[in-house]
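Read-outs: derived from the displayed coordinates by stated rules, not from any lab. As the structure is a computational prediction, the values presented were derived from the model and not from experiment. Cβ placement follows ideal geometry from the backbone for every residue including glycine, while neighbour counts extend to all protein chains displayed.
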Amino acid sequence: MRAFCHFHFTALFIALGLAAGPAGAAQLPNGVYVSSAGDLETQCVTAVVLAEVKNRSFTADERQAAQFCAGYFSSLNDMLMALRDDGLNPFGICYPAQPMPPVTPIKAFIAFVNHHQEARRSLAMPVALAALAETFPCDRVKPK
């Protein structure tokens, strides 16, 4: 039951994070935006630049793109942590024990999409999960 509640709260956070969708994303009837992996990658490239480049002014659109990407991966991370806390790891993603910059999973996603061009047309979420599983692999953990 606890995992179920965590999942629904995380789904709500993801929906809220997607409420201000990027340009080019498809909008579902309930107002939630769904991005292709290519659309999300475009947003995330801006996020990486924003995180790493100093002394540059950014447009409002660039800031919005970076915030969308950062929110997307923050929500995804929250979902993964909630599942892990309940003893589940259905995606086989294990982050390293040492702290890493928040931009690291975003860079992993960008690299994955650039290496798997066919994934650009797929929905963003399964591609993001595949990218994280490839970059941070571990054994899948069964429920307690």
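Just one of the listed residues (ALA108, ALA97, ALA131, ALA119) is out of contact with any Cys (no Cβ under 9 Å at 6 or more places or on another chain), of a type in the set (Gly, Ala, Ser) and outside any helix (DSSP H, G or I), namely ALA97. If you go through the stretch 83-125 and keep only what is hydrophobic (A, V, I, L, M, F, W, C), touching a helix residue (DSSP H, G or I) at 6+ places or on another chain (Cβ under 7 Å) and under 17 Å from ALA51 (Cα atoms), you end up with VAL103, ILE106, ALA108, PHE109, ILE110.
Taking the conditions (1) surrounded by 17 or more Cβ atoms within 10 Å (Cβ to Cβ); (2) in contact (Cβ under 8 Å) with a residue 60 or more places away in the chain; (3) not acidic (Asp, Glu) in turn, ALA130 satisfies each one other than (2).
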